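I have placed the structure first, in the form of C-alpha cells, so that the comments after it can refer back to it.
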Amino acid sequence: MKRMKNKPGKSHDIPAAGESAPRLSPGETIRLLIKLGKNQGIRPGDIVGAITGETDLTGRQIGAIEIHDGFSLVDVPQALAPSLMEVMSRCQIKGHPVFIKPAKDKGGKKRDK
C-alpha cells in the first residue's frame, strides 16, 4: 500500500492502482446517520460518490448503506469517522446540505458495528 495524498491536508494509506482496498471487520466500523433519504431522492451511489469525492476513502472502504425515507445509514472505518463527519458536514448531496452524526441504536446509545 502506498501513502497517497488525494485532498489538501489529508493523507491516508489507500491502495495504489490495481491493489485491493482492505475489507473492514465489524469492530473496525461505525455506523453514521445522514439526514437525507428517499424523500430527497438519495441513492446509495450518491452517498458513495459524495464520500469518495470529498475524502480519501475508496468505495471498497465504505460498508453497508441503508436508505430510508428521511435518513440514510452508512458504515465507515471507525478511525476515519471524525474527519469524515467534519468534511461531509460542509458538503451537499443532490443540492441538500449534509447533516451527519454517529447513529444510535434503538436504546439511544451510540452504535458501533
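Just so it is clear, none of the values below were taken in a lab; they were calculated from the coordinates. None of the values given here were measured: they were computed from a predicted structure. Positions of Cβ are generated from backbone atoms using ideal geometry, with glycine treated the same way; all protein chains shown enter the neighbour counts.
For segment 40-90, max minus min Cα coordinate along each principal axis, in Å, sorted largest first?
Sorted from largest, the Cα extents of segment 40-90 read 28, 23, 17 Å.
Excluding Leu36 itself, calculate the net charge of residues whose Cβ lies under 12 Å from the Cβ of Leu36, where each Lys or Arg counts +1 and each Asp or Glu counts -1.
Counting the neighbours of Leu36, the net charge comes to +2.
If I model a spin label as a point 7 Å beyond the Cα along the Cα-Cβ vector, how far apart are those points for Thr52 and Asn39 in nm?
Calculated label separation equals 2.9 nm.
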